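Peer 1: Take a look at the following structure, please.
The values are calculated or read from the model by the stated rules, or taken from the named source; none is laboratory data. Worth saying up front: this structure is predicted, and the values here are computed from it rather than measured. Neighbour counts run over all protein chains shown; Cβ positions are idealised from the backbone, glycine included. Note: accessible area is taken over every heavy atom of the protein model, side chains too, but ligands, DNA and RNA are not part of it. Shrake-Rupley method; radii C 1.70, N 1.55, O 1.52, S 1.80 Å.
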Amino acid sequence: MDGLDRFLNTFFNGAIFARYLPDMLAGVWVTIWLAAAVIALGLTLGLLLACLRSYGNRVVNLCIIVFADLGRALPPLVLILIMYFGLPGLGVRLSGPLVLILVLGFVLAAFAEEIFWAGLTSVARGQWEAGRATGLGFTQTLIHVALPQAIRLAIPPLVNRVLAISKMTALGSVIGVSEILAVASTAQSFTGSAAPLTMGAIAYVIVFLPLVILTRILEHRYAWKV
Amino acid sequence: MTRPMLELVGLNKRFGDLTVLHDIHLRVGQGELVFVIGPSGSGKSTMLRCCNRLEEPTSGSVLIDGADITACSPRALNKMRLNLGMVFQGFHLYPHMDAVGNVMLAQVKALGRSKDEARARALEMLDRVGLRHKSDAMPSALSGGQQQRVAIARALALDPKVMLFDEPTSALDPELVGSVLAVMKDLRTSGMTMLVVSHEMGFAREAADRVIFMDGGVIVEEGQPEAIFTNPQAERTRAFLSRVRG
Ligand SMILES: Nc1ncnc2c1ncn2[C@@H]1O[C@H](COP(=O)(O)OP(=O)(O)O)[C@@H](O)[C@H]1O
Ligand SMILES: [Mg+2]
């Protein structure tokens, strides 16, 4: 066998591709809905926390800051292992997908809160004054004046963070969630071939490349039309 | 004097140890235009900002058409502020909304008008400041003078009883000042009650009923524009006027 054949047989074995295609499609689907759940939870919670922080209650803000700092400091894998293998010791047993969604959702929320908050603090004071002077309440000014501007500022850093954390759904493979990587590595150990891993890589590209392209479009659209 | 629409009674404002306003008494009658001059740092902006409580007065009260804005709940304050239109030196248009959106927002959210009503009113106000054709322009696409006129329309759309202007033309290129002053003159003619901080002495001579000279947080002198400009009584007023005239 010459080198090229060997390469193709190792990474692109057609028979193995065909055999594991159904499993891989199921894995793709799992990855997609896990990522969607993580993004929805993370962005919503992050936005709510940043808004809550703008009310300036000391105790509340301290809690938010602790949450955001811990969420950003701890490696997600550590949290995943603690929740999946540690909590059952306390009688709390959560499913693998739920652990993954909670941990990654909270981690994304921690980053998103900081990003939204940075956006909020860079909205000029005059914007708030214009809102309040026209009779809008604090919350109305927050929602209709400050947030839209903060969100625009937040979008470029946010989309990168969303992508990075969505890809971490691959960590599900260590707690038995059958997403793309778990399917690929199971197949790899059955067949002894690297081809399933190639399949997994291709699947990730198919899932996340559109997202990368979408973020480019979003970044472009939300760039300041000053 | 006509019925007082805006009345400052014994207004004091301190920032820590710094007394910025000291026992200010001022009445602006209905339809009157009171023009405020004074050196930088004399407390002019703070006085205007105390009127709608963007700055919280340390003591004293502010009456708007007889109602005390300094003694009301936060919810009532939002309603009271509708009576006071404020125009800032820096315009502060909302950059994410077009001109008509800027003028509509508080009408809908604070005044409770329907979107259709608010839009109709916004277009009417933009027309009044000569910018109806710019109604769907974003602020970034407008000149400073146009932005300031939209900001005036935004305030007018709420049917305020009093308009406060804090150096409305100071951030403008000289050739754009006239368009804003023309709108202000038109307002004055239509009977709006106005308190204007500005350095446009020519405008004061033409349009002001009274001129007030402030320095160091007190009202040093007030009178008819001609009297203040040609024959100021206080030494500080004379010094200031000769400085600004160069
Ligand atoms: N938020 C603030 N905190 C502390 N000092 C302030 C604040 N706002 C204004 N001042 C001070 O109050 C004084 C009057 O300011 P201002 O009302 O802006 O004067 P003017 O508008 O006449 O130039 C200045 O000495 C200024 O430094
Ligand atoms: Mg000032």
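Peer 1: Dividing the convex hull volume of the alpha carbon atoms of the protein assembly as shown by its residue count, what do you get in Å³ per residue? Write out the running numbers ahead of the final one.
Peer 2: Working: hull volume 100.1 nm³, N = 472.
Residue-normalised Cα hull volume stands at 212 Å³.
Peer 1: Based on alpha-carbon centroids, what's the gap between segment A:37-61 and segment A:169-225 in Å, whole number please?
Peer 2: 28
Peer 1: To the nearest hundred square angstrom, how large is the accessible surface buried between A and B, total for both chains, probe 1.4 angstrom?
Peer 2: Numbers: alone 12440 and 10840 Å², together 21470 Å².
The buried area between A and B, both sides summed, comes to about 1800 Å².
Peer 1: With Kirkwood's inverse mean 1/r over C-alpha pairs for Rh, give me the Rg to Rh ratio of segment B:95-159, two decimals please.
Peer 2: Details: Rg = 10.4 Å, Rh = 11.2 Å.
Here the Rg-to-Rh quotient is 0.93.
Peer 1: Here's another thing I want to ask about it. Rounding to the nearest 10 and keeping the result within 0 to 90°, find how far the Cα-based axis of helix A:58-73 lies from the longest principal axis of chain A.
Peer 2: That helix lies at roughly 20 degrees to the long axis.
Peer 1: Check chain B and count each lysine pair with an alpha-carbon distance under 28 angstrom, considering only pairs eight or more places apart or from different chains.
Peer 2: Counting lysine pairs in chain B gives 17.
Peer 1: For peptide A:134-147, compute the average count of partner chain beta-carbon atoms within 10 Å of each residue's beta-carbon.
Peer 2: Working: counts 20, 16, 7, 6, 2, 0, 5, 4, 0, 1, 8, 8, 1, 1.
The per-residue average across the peptide is 6.
Peer 1: Now, a different point. Roughly how many Å is it from the Cα centre of segment B:51-82 to that of segment B:3-27, as a whole number?
Peer 2: 13
Peer 1: Suppose every Lys and Arg Cβ carries +1 and every Asp and Glu Cβ carries -1, with no other charges. What dipole size does chain A come out with about its Cα centre, to the nearest 20 debye?
Peer 2: Details: 14 positive and 9 negative charges, 121 e Å.
My answer is approximately 580 debye.
Peer 1: Output needed: percent of Cα pairs per 5 Å distance bin for segment B:173-246, bins running from 0 to the one holding the longest distance.
Peer 2: Reading the bins upward from 0: 3, 14, 25, 23, 17, 13, 5, 0.
Peer 1: Also: Give the calculated FRET efficiency between A:I202 and A:R72 to the nearest 0.05, with a Förster radius of 35 Å applied to their Cβ-Cβ distance. Intermediate results must be reported in sequence, preceding the final value.
Peer 2: On the way: r = 31 Å, r/R0 = 0.90.
Using R0 = 35 Å, I get an efficiency of 0.65.
Peer 1: Toward the positive end of the charge dipole of segment A:17-222, about the Cα centre and with charges on Cβ (Lys, Arg +1; Asp, Glu -1), which of A:G176, A:L104, A:L136 goes farthest?
Peer 2: Positive-end residue among those listed: A:L136.
Peer 1: Still on this structure, I have one more. As I understand it, the value is the acute angle between the Cα axis of helix A:195-222 and the longest principal axis of the Cα atoms of chain A; what does it come to in degrees, rounded to 10?
Peer 2: With rounding to tens, the tilt is 20 degrees.
Peer 1: Let me ask you something else. Within the P(r) computed for chain A, what percentage of the Cα pairs occupies the region above 30 Å?
Peer 2: On the way: 9942 of 25425 pairs.
Beyond 30 Å sits 39 percent of the P(r) for chain A.
Peer 1: Hey, could you pull the Cα Rg and Dmax for segment B:86-200, both in Å?
Peer 2: Spelled out, the Cα radius of gyration and Dmax of segment B:86-200 are 13.0, 39 Å.
Peer 1: Once both labels are modelled 7 Å past Cα along the beta-carbon direction, what's the B:S170-B:R238 spacing in nm?
Peer 2: Between B:S170 and B:R238, the label points sit 2.7 nm apart.
Peer 1: Right, something else. For a test of the definition: using alpha carbon positions, the gyration tensor, and the 1.5 limit on a/c, classify segment A:61-133 as rounded, prolate or oblate.
Peer 2: On the way: a/c = 3.48, a/b = 3.27, b/c = 1.06.
Prolate, since a/c reaches 1.5 and a/b exceeds b/c.
Peer 1: Applying 1/(1 + (r/R0)^6) with R0 = 60 Å to the Cβ-Cβ distance of B:K161 and A:L8, what FRET efficiency is obtained, to the nearest 0.05?
Peer 2: Once the sixth-power term is evaluated, E becomes 0.15.
Peer 1: A follow-up question, please. Can you give the average number of partner chain beta-carbon atoms within 10 Å of each beta-carbon in peptide B:212-225, as a whole number? Write out the running numbers ahead of the final one.
Peer 2: On the way: counts 0, 0, 0, 0, 0, 0, 0, 0, 0, 0, 0, 0, 0, 0.
Average neighbour count from other chains, rounded to a whole number: 0.
Peer 1: A further question on this structure: Among B:G16, B:L82, B:A118, whose Cα sits farthest toward the positive end of the charge dipole of chain B (+1 at Cβ of Lys/Arg, -1 at Cβ of Asp/Glu, about the Cα centre)?
Peer 2: B:A118
Peer 1: Distance in nm between label sites at A:V59 and B:R3, each 7 Å beyond Cα in the beta-carbon direction?
Peer 2: My value for the distance between the label points is 4.8 nm.
Peer 1: Continuing with the same structure: Could you give the angle, 0 to 90 degrees to the nearest 10, between helix B:235-245's Cα long axis and the longest principal axis of the Cα atoms of chain B?
Peer 2: Around 50 degrees separate the two axes.
Peer 1: Just to be sure I understand the model, the point goes 7 Å from the Cα along the line to the Cβ. What's the resulting A:W33 to B:F15 distance in nm?
Peer 2: 5.8
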